[in-house]
Amino acid sequence: MENNQNFQQSFHQDFGPDFNGAQDGELYFTVTYLDTDCGRIRTESFDDAAAADRFASRCIAGEDGWAVVDAIPAKERRAAA
């Protein structure tokens, strides 16, 4: 598919293993896409870049379909005292 930018490969080339200080497991990935069945823009979250890339590839199957994958550093949460 010509619309697929192969996110996983380009992510590792552009950002490498360190993305703003985030280590493995400290990133999550969101896929924002056009749901062509209803015409709405939707978002799904994934823990794995490969899963996000596969989902985005399925979203751009049609002529009007599009998807954007974003890597987001997970915020550190504090445990309750």
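The values are calculated or read from the model by the stated rules, or taken from the named source; none is laboratory data. Quick caveat: nothing in here was measured; it's all calculated off a predicted structure. In this analysis, Cβ positions are derived from the backbone assuming ideal geometry, glycine residues included, and neighbour counts consider all displayed protein chains. Ligands, DNA and RNA are stripped out before the accessible areas are found, and what is left, the full protein with its side chains, is counted by its heavy atoms. Shrake-Rupley method; radii C 1.70, N 1.55, O 1.52, S 1.80 Å.
For the reader, a short list of remarks on this structure follows.
- Within the stretch 29-65, the set of residues being in contact (Cβ under 8 Å) with a residue 24 or more places away in the chain and in contact with a helix residue (DSSP H, G or I) (Cβ under 6 Å, 6 or more places away or on another chain) comprises PHE29, VAL31, TYR33, ALA49, ALA50, ASP53, GLY65.
- Qualifying residues in the stretch 36-59 (those that are touching a Leu at 6+ places or on another chain (Cβ under 8 Å) and open to solvent by 100 Å² or more (accessible area, probe 1.4 Å)) - the one farthest from ALA71 (Cα to Cα): ARG40
- Selection from the stretch 29-81 of residues that are hydroxyl-bearing (Ser, Thr, Tyr) and at pLDDT 90 or above: THR30, THR32, TYR33, THR43, SER45, SER57
- The residues in the stretch 39-70 that are within 9 Å of the chain's Cα centre (by Cα) and either in a helix (DSSP H, G or I) or at positive phi (or both) can be counted, and the count is 7.
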